[in-house]
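The following block contains the structure, expressed as structure tokens.
The values are calculated or read from the model by the stated rules, or taken from the named source; none is laboratory data. Just so we're clear, the structure is a prediction, and the values are computed from it rather than from any experiment. Methodologically, a virtual Cβ is constructed for each residue, glycine included, from the backbone with ideal geometry; neighbour enumeration extends over all protein chains shown. These area figures cover heavy atoms from the full protein model, side chains too; ligands, DNA and RNA do not enter into them. Shrake-Rupley method; radii C 1.70, N 1.55, O 1.52, S 1.80 Å.
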Amino acid sequence: MIIFPVASQKTSHIRMTLNGEQVDVSFAPYKTLLEVLREDLGHTGTKHGCELGECGACAVLLDGKPVLSCLVLGVECDARNALTVEGLGLERTLHPLQDAFADPCWISILMRVAIRFAQHSPASCAGAPDISRFLRPLSPPWSRLRNRMDQRNSIRVRGCLAPRS
Amino acid sequence: MPNQKDSPDLPAKDSPANAGEFRVIGVPRRRVDARAKVTGQTRFADDIFLPRMAHCKLLRSPHPHARIQKIDTSRALAHPGVYLVLTGKDLPIEYGILPVSQDEQALCLDHVRHVGDPIAAVIAREELTAFEALDLIDVEYEILATISDPEEALATPEPRIHEYGEEGNIHKRVALEFGDVEKSFAEADEIFEDIFFYQGSTHLPIEQHAAVATKDPDGKLTIWSSTQTPHYLHRALAKVLQMPPAHIRVSATPNGGGFGGKSDPFNHEIVVAKAALLLDRPVKICLTREEVFYCHRGRHPVLMKFKTGVKKDGAITGMHLQTLIDGGGYGSYGVASTFYTGALQTTTYHIPCYRFEGCRTFTNKPPCGPKRGHGTVQPRFGQEVQLDKIAEKLKLDPADLRLRIVESPDTVTANYLRLSTVNLSECIRRVVKTSDWKEKFRKLPEGRGVGLACSAYLTGAGLAIYWNKMPHSGVQLKLDRGGGVAIFCGATEIGQGSDDVLAGIVAEVLGIDTFDIRLFTGDTDLGPVDLGSYSSRVTIMAGNAALQAAERARELLAEAVAIRLEVPKERLRFADKSVFDSAAPEKRVPFHEAVCLAEARFGTIGTVGSYTPPKSPALYKGGGVGPSPTYSYTAAVVEVAVNPVTGWITVPKIWIAHDIGRALNPPLVRGQVEGSVYMGLGEALMEEQEFRRLPKRLSHALVHKFPSMLEYKSPTSLDMPDVVTELVEEPDPRGPFGAKEVGQGPLLPIMPAVANAVYDAVGVRIDEVPITPEKIMKALAEKRAGRNPRYGPRHFPHVDWPEALRVPPPWEGGDGNAVNDVPRHSKPRPEKEKVLSS
């Protein structure tokens, strides 16, 4: 049953901050933030996997908090601030978490740990913190993550680490 | 400019025993595709957006078994934004992955065989418009009786789900006998008979299937698809679209996981190709998660009956295995799967006498196919759990029992599989040591237990899917005057790291960095044929082809440099992006100059390498499934905690040792081991491809019980235990730098080890997978009532087995051939398919 045919829908328009830059975008109002990012803003780094918020492949940071972008409407994002995997790194080096992971299935975890890192790390370049040391105080699921990183020779990163604010 | 080396000094913990021998091989390094993936820049199929691109959605049958009487697409075609509607009559030519099961149509013409079988396609301006238009297609069905499981299939010859196959709804029966099994039972001290059931499961890749097809600027067809097998897709497209393969380009985009679920040519791929040609615009399709469940091609549910004779000391005198396999609605890889449910039992422990009977039936459910371990996983479960029961009866430690009967290296098994290196004993010793097995087995408090199991797996199927005499893998190398090297190969990166394997091998041989190498893989236009990413074949086959091509290139460079440096070319070494005299290292030229010297001397530099597996000694009919250049081996110990009141199982830790030959890139290898453990744990504890009937007041259709990631239970990072991985590295002469496989082997021992651990913990046998709290509680109730403390199938149905093909094993003077001819049950085999359809 077709309730609101696509052909009859006007477009919506929002202005938001994406990975530190202001963007204006128009899109069909039924679209989720995930669809807007991928289809209208060309940021395909965030993925869809399950259509119902179970798999985490669509995780982004919205106003600093991790959200499942497949469950957020595009129209809810006017005047808000989104950070996707494309915006995690700085211009020259990979964000230390990108350096540690190499698998798109980890995007969700990567985004969540990124926010913790941003809360706890110094704002300026401060040398080479050990990621595993950073993760140690975190709660059990993350300590298991830390163990796994130790097993895989967790990585010491050189260079500037402050994420974009 | 970001440097490959801006990552780190990784500690040498993962280096192999002979560290220092190589600069790239065996040295932990970032994989070549990692940066693109973690920055979100890798272009998966659904990330492709082209100008004027249209979107396709498929209309799928709501009935499990029906005939299509009438389809009216006029209302859909009239819907604003719809460009095209296709039905079965637009794509009637049948195709399928195996030459003997060309039983699929891109859109069903008149017969639907499972809920989800595609019957029409809408191509529209937006995805949502296409979805809307699906509801506007009017279809009239004649409902046919549903066949829901193999027992029903055996009892219900009509209506036939397929007109081919052996008879009724039996797709394939196999009967092979290697030696006199009845005699071997007479010689045994003890006979064990057990029935096991292994439930089906699906691959659940995070990336759904997706494909984009377009007519490229010069009018040829190009399709990007999340496929593991671009070459086989290429052949299917040529056949169905009736086009020369030379006018079709298939580019396999990196897969967000495949695990065997993306190795068939699919309806949706053929449909978008056809639509793109008709509309002259790009057409994309991405399956919804629910559609992926219905597309399936996953683990066959298998009922198994094992009868094994053993001597008091544990030596096996003979084994008789029967399997009954639920194939679903189509053939897919099913004939191969049927053989696989019997082929590898002899590769781990010495079995002098072996009889195997397998039967695959069609049912009205999504078709089953290859899933990580392909058909060998189910019987391995049965064999390892039965061995645990045997050990208990014979009062032997399960590890000690296995150590006594491990097969020897460099032997040929009863069913003519040639084994190369076999380091299963070392794997068992390692897990026994690291897990403290001796302190724990039968010694932990009630509710805690440990279980051990072993397995073997192929490193690539010895035969191609279609019969031919050509290489299974080819690599072309291009060397740049600037020192860059390009690798062209059909091998497909599905996340398993095949690109990194190729780059690592070439970098080692030529003395350069993997970052200096560009890869062009998985593309039928750009690279020579590689058969695809399945059966763990890529490291050994594409890897050996790359090794050959790289060595040929090195030879050319060495010759040119030898002249320039006036040094015998045997003394030249390639390392650190230079070519130098090993006796006087200051005499050197940079790598790029070596290329220039070679180009000046020989002309343009380009080399090829190829690989064909050695001929198998298994010459009997059916001997084509099972042979492999070599086999990997794995042993695992799983510790479980079982709550005796609720039956709830947790798995705190797993110790696993894998005989890998050589770990080409240790972190990548460990990732594959852990990923295999993860997937094994999912199957062991919770995953089930279960079906139910909708209420009678609706359609009473046989539907998937939980086709979503919310309800289909699969482990998360919170369920994953700590995994202690040991790599056993005795280089195998068959593999590049001695490497064997790792993508599938480590999965197999997990499920039986969990079952064995549950028995150690609470004294009940769950002879079924998945091992759930409900089943444990039922078995505990049996135990409390003084009955057999077991949950599992009690009965193996009667099957009219054909007369067995008798193949005397090597030690009885056999030569790999059968000594009897058996009458055919089925119609005569079609003419051997021509290599290129045209």
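Only Cα pairs under 8 Å and at least 6 apart count here; give the relative contact order of chain B as a rounded whole percent.
Details: 2178 pairs, mean separation 135.4, N = 838.
Relative CO of chain B lands at 16 percent.
Here's another thing I want to ask about it. Rolling a 1.4 Å sphere over the protein heavy atoms, what is the accessible area per residue of the stretch A:35-77, to the nearest Å²?
Numbers: 1580 Å² over 43 residues.
Ligands and nucleic acids excluded, the figure is 37 Å² per residue.
Counting only protein heavy atoms and using a 1.4 Å probe, what share of the accessible area of the protein assembly as shown belongs to carbon plus sulfur, as a whole percent? Present the calculation step by step, with values, prior to reporting the outcome.
Values: 19440 of 37450 Å².
Carbon and sulfur together cover 52 percent of it.
Can you give the net charge of the other residues whose Cβ lies under 12 Å from the Cβ of B:Leu526, counting K and R as +1 and D and E as -1?
On the way: positive: B:Arg249, B:Lys478, B:Arg518; negative: B:Asp523, B:Asp525, B:Asp530.
Every neighbour counted, the sum reads 0.
If I model a spin label at A:Glu76 and B:Arg552 as a point 7 Å from the Cα along the Cα→Cβ vector, what separation in nanometres do I get?
Label-label distance for A:Glu76 and B:Arg552, simple model: 5.8 nm.
For the stretch B:522-635, what is the Kirkwood hydrodynamic radius in Å, using each pair of distinct C-alpha atoms? All intermediate terms of the calculation are to be shown ahead of the outcome.
On the way: mean 1/r = 0.0587 Å⁻¹.
Here the Kirkwood hydrodynamic radius works out to 17.0 Å.
State to the nearest 20 debye the size of the charge dipole of the stretch B:152-254 about its Cα centre, where the only charges are +1 on K and R beta carbons and -1 on D and E beta carbons.
On the way: 9 positive and 16 negative charges, 269 e Å.
With only Lys, Arg, Asp and Glu charged at Cβ, the dipole is about 1300 debye.
For the stretch B:294-384, how big is Rg over Rh, using alpha carbon atoms and the Kirkwood form of Rh? Intermediate values should be presented prior to the final figure.
Numbers: Rg = 14.0 Å, Rh = 13.5 Å.
That ratio equals 1.04.
Whole number in Å², please: accessible area per residue of the stretch B:44-151, 1.4 Å probe, ligands, DNA and RNA not counted.
Heavy-atom accessible area per residue stands at 36 Å².
Just from the alpha-carbon atoms, what are the Rg and Dmax of the stretch A:1-69 in angstroms?
Taking only Cα atoms of the stretch A:1-69, I get Rg and Dmax of 13.2, 41 Å.
Out of the trypsin sites (Lys or Arg not before Pro) in the stretch B:562-635, which ones are loop residues according to DSSP with at most 12 other C-beta atoms within 10 Å? If you can, show how the numbers build up before the last one.
On the way: sites: B:Arg564, B:Lys569, B:Arg571, B:Arg573, B:Lys577, B:Lys587, B:Arg588, B:Arg601, B:Lys615, B:Lys621; in loops: B:Lys577, B:Lys615, B:Lys621.
Here the sparse-neighbourhood loop sites are B:Lys615.
Next up: Take peptide A:50-61, look around each residue's Cβ out to 10 angstrom, count Cβ atoms belonging to other protein chains, and average those counts. Before the final figure, lay out the partial values.
Values: counts 11, 7, 6, 2, 8, 7, 4, 3, 0, 0, 0, 0.
Counting other chains' Cβ atoms within 10 Å and averaging over A:50-61 gives 4.
Under a straight-distance cross-link criterion of Cα-Cα below 22 Å, which lysines are reachable from B:Lys740, leaving out those fewer than 8 residues away in the same chain?
Partners within reach: B:Lys13, B:Lys371, B:Lys615.
Which trypsin sites (Lys or Arg not before Pro) from the stretch B:426-463 combine a DSSP loop assignment with at most 15 other Cβ atoms within 10 Å? Provide the component values of the computation, followed by the final result.
Values: sites: B:Arg429, B:Arg430, B:Lys433, B:Lys438, B:Lys440, B:Arg442, B:Lys443, B:Arg448; in loops: B:Arg442, B:Lys443.
Here the trypsin sites (Lys or Arg not before Pro) that fit, given the DSSP loop and packing criteria, are B:Arg442, B:Lys443.
So, one more: If you bin every alpha carbon distance in the stretch B:668-790 into 5 Å steps from zero, what whole percent lands in each bin?
Pairs per bin, as whole percents: 2, 9, 14, 15, 14, 13, 12, 9, 6, 3, 1, 1, 0.
Next question. Provide the net charge surrounding B:Asp189, with neighbours chosen by a C-beta distance below 11 Å and charges set as Lys +1, Arg +1, Asp -1, Glu -1. Present the calculation step by step, with values, prior to reporting the outcome.
On the way: positive: B:Lys311, B:Lys312, B:Lys393; negative: B:Glu187, B:Glu190, B:Asp313.
Net charge in that neighbourhood comes out at 0.
Let me ask something additional. To the nearest 20 debye, what charge dipole does the stretch B:319-406 have about its Cα centre, counting +1 at the Cβ of each Lys and Arg and -1 at the Cβ of each Asp and Glu? Write out the running numbers ahead of the final one.
Working: 11 positive and 7 negative charges, 20 e Å.
Dipole of the stretch B:319-406, to the nearest 20 debye: 100 debye.
Could I ask something else about it? Could you work out how far the C-alpha centroid of the stretch B:741-762 sits from that of the stretch A:11-46, in angstrom?
Spelled out, the Cα-based centre of one part sits 46 Å from the other.
Same structure again: Efficiency by 1/(1 + (r/R0)^6): what FRET value for B:Leu50 and B:Lys713, r their Cβ-Cβ distance, R0 = 51 Å, to the nearest 0.05?
Working: r = 38 Å, r/R0 = 0.74.
Calculated value: 0.85.
In the P(r) worked out for the stretch B:121-190, what percent of Cα pairs fall beyond 14 Å? Spell out each step's value before the answer.
Working: 1813 of 2415 pairs.
When every Cα pair of the stretch B:121-190 is considered, 75 percent fall beyond 14 Å.
Any idea what diffusion coefficient the stretch B:644-727 gets from Stokes-Einstein, in µm²/s, Kirkwood Rh on alpha carbon pairs, 25 °C, 0.890 mPa s? Could you put the intermediate results ahead of the total?
Details: Rh = 15.7 Å.
Roughly 156 µm²/s, to the nearest whole number.
What aspartates and glutamates does A:Lys31 reach when the alpha-carbon gap must be under 12 Å and sequence neighbours fewer than 8 apart in one chain are set aside?
A:Glu39, A:Asp40, A:Glu76, B:Glu126, B:Glu127
Ranked from highest to lowest mean number of other Cβ atoms within 10 Å per residue, what is the order of the peptides B:203-210, A:25-32, B:83-90?
On the way: B:203-210: 23.4, A:25-32: 16.9, B:83-90: 19.2.
Top of the packing list down: B:203-210, B:83-90, A:25-32.
Pairs to check: B:Lys311/B:Lys653; B:Lys70/B:Lys262; A:Lys47/B:Lys284. Give those whose C-alpha atoms are more than 22 Å from each other in this structure. Let's see the in-between values first.
On the way: B:Lys311/B:Lys653 34 Å; B:Lys70/B:Lys262 31 Å; A:Lys47/B:Lys284 16 Å.
Over 22 Å apart, Cα to Cα: B:Lys311/B:Lys653; B:Lys70/B:Lys262.
Now for a different question. Which of the lysines could be linked to B:Lys775 by a straight reach, that is with a Cα gap under 18 Å, when you skip same-chain ones fewer than 8 residues away?
List returned: B:Lys713, B:Lys783.
To continue, here is another question. Scattering from the C-alpha atoms of the stretch B:434-584 alone, worked out with Debye: what is log10 I(q)/I(0) at q = 0.12 1/Å?
-0.63
Ranked from highest to lowest mean number of other Cβ atoms within 10 Å per residue, what is the order of the peptides B:298-306, A:50-58, B:388-396, B:792-800? Write out the running numbers ahead of the final one.
On the way: B:298-306: 26.1, A:50-58: 20.7, B:388-396: 16.6, B:792-800: 12.9.
Top to bottom by mean Cβ count within 10 Å: B:298-306, A:50-58, B:388-396, B:792-800.
Kirkwood hydrodynamic radius for the protein assembly as shown: how many Å is it when counted over pairs of different Cα atoms?
On the way: mean 1/r = 0.0337 Å⁻¹.
Evaluated on the protein assembly as shown, it is 29.7 Å.
When all alpha-carbon pairs of the stretch B:368-467 are counted, what percent fall beyond 20 Å?
Beyond 20 Å sits 51 percent of the P(r) for the stretch B:368-467.
For B:Ser498, what is the net charge nearby, where nearby means another residue's Cβ is under 13 Å from its Cβ and Lys, Arg count +1, Asp, Glu -1?
Its environment carries a net charge of -4.
For the stretch B:520-579, which GluC sites (Glu not before Pro) are both in a DSSP coil and crowded by at most 12 other Cβ atoms within 10 Å? Intermediate values should be presented prior to the final figure.
Details: sites: B:Glu551, B:Glu555, B:Glu559, B:Glu566, B:Glu570; in loops: B:Glu566.
For GluC sites (Glu not before Pro) across the stretch B:520-579 that sit outside H, G, I, E and B with at most 12 neighbouring Cβ atoms in 10 Å, the list reads B:Glu566.
Per residue, how much space in cubic angstrom lies within the convex hull of the C-alpha atoms of the stretch B:766-826? Present the calculation step by step, with values, prior to reporting the outcome.
Working: hull volume 11.2 nm³, N = 61.
Convex hull volume per residue, Cα atoms: 184 Å³.
Let me ask something else. For the stretch B:617-681, state the semi-axes of the equivalent ellipsoid (square roots of 5 times the eigenvalues of the alpha-carbon gyration tensor), sorted largest first and rounded to whole angstrom. Before the final figure, lay out the partial values.
Details: eigenvalues 213, 77, 17 Å².
Rounded to whole Å, the semi-axes are 33, 20, 9.
Also, I was wondering about something else. Over the stretch B:439-570, give the accessible area per residue in Å² for a 1.4 Å probe, as an integer. Each step should come with its number before you reach the end.
Details: 4540 Å² over 132 residues.
Averaged over the residues of the stretch B:439-570, the accessible area is 34 Å².
Using θ = phi - 60° and the Karplus form 6.51 cos²θ - 1.76 cosθ + 1.60, what ³J(HN,Hα) does each residue of the stretch B:545-552 get, whole Hz, x for Gly and Pro?
5, 5, 4, 5, 5, 5, 5, 5
I've got another one for you. How large is the dipole of the protein assembly as shown about the Cα centre if only Lys and Arg carry +1 and Asp and Glu carry -1, each at its Cβ, rounded to the nearest 20 debye?
1020 debye
Residues of the stretch B:798-818 with the amide nitrogen closer than 14 Å to a label point 7 Å from the Cα of B:Lys621, along Cα-to-Cβ, please.
Counting backbone N atoms under 14 Å from the label point, the list is B:802-807, B:817-818.
Using only helices, what value at 222 nm comes out for the protein assembly as shown when you add -39,500 (n - 2.57) per DSSP H run of length 4 or more and divide by the total residues, to the nearest 500 deg cm²/dmol?
Values: 23 runs with 247 residues, N = 1003.
Rounded to the nearest 500, it is -7500 deg cm²/dmol.
I would also like to ask the following. Mind grabbing the interface size between A and B? I mean buried accessible area, both sides, 1.4 Å probe, in Å² to the nearest hundred. Don't skip to the answer; put the middle values down first.
Details: alone 9860 and 31450 Å², together 37450 Å².
Answer for the A-B pair: about 3900 Å² buried.
Restricting to the protein assembly as shown, what percent of DSSP beta bridges are antiparallel, rounded to 5?
Numbers: 117 of 153 bridges.
Here the share of antiparallel DSSP bridges comes out near 75 percent.
Related question: With all distinct Cα pairs included, what does the Kirkwood hydrodynamic radius of chain B come out to in Å, to one decimal, could you say? Don't skip to the answer; put the middle values down first.
Details: mean 1/r = 0.0358 Å⁻¹.
Radius from the Kirkwood sum: 27.9 Å.
Let me know the mean shielding of A:82-89 by other chains, meaning the per-residue number of their Cβ atoms within 10 Å of its Cβ. Don't skip to the answer; put the middle values down first.
Values: counts 0, 0, 1, 5, 3, 2, 3, 5.
Per residue, the number of nearby Cβ atoms from other chains is 2 on average.
Per Stokes-Einstein, at 10 °C and 1.306 mPa s, what whole-number D in µm² s⁻¹ belongs to the stretch B:103-226, with the Kirkwood radius over Cα pairs as the hydrodynamic radius?
Values: Rh = 20.5 Å.
The estimated diffusion coefficient comes to 77 µm²/s.
Now a separate question. Volume per residue, Å³, of the convex hull around the alpha-carbon atoms of the stretch B:193-345?
On the way: hull volume 20.8 nm³, N = 153.
Normalising the Cα hull of the stretch B:193-345 by residue number yields 136 Å³.
What's the extension gain from B:Glu193 to B:Lys438 if we count 0.36 nm per residue and subtract their Cα-Cα distance?
Details: separation 245, 0.36 × 245 = 88.20 nm, distance 2.79 nm.
85.4 nm is the gain from fully extending B:Glu193 to B:Lys438.
If you take every DSSP beta bridge whose two residues both sit in the stretch B:455-613, what share of them, in percent to the nearest 5, is antiparallel? Kindly include the intermediate steps, with their values, before the conclusion.
Values: 20 of 25 bridges.
Taking every DSSP beta bridge with both residues in the stretch B:455-613, the antiparallel ones total about 80 percent.
To the nearest whole number, what is the average tally of beta carbon atoms from other chains within 10 Å of the beta carbons of peptide B:283-292?
On the way: counts 0, 0, 0, 1, 0, 3, 7, 3, 0, 2.
That works out to 2 on average.
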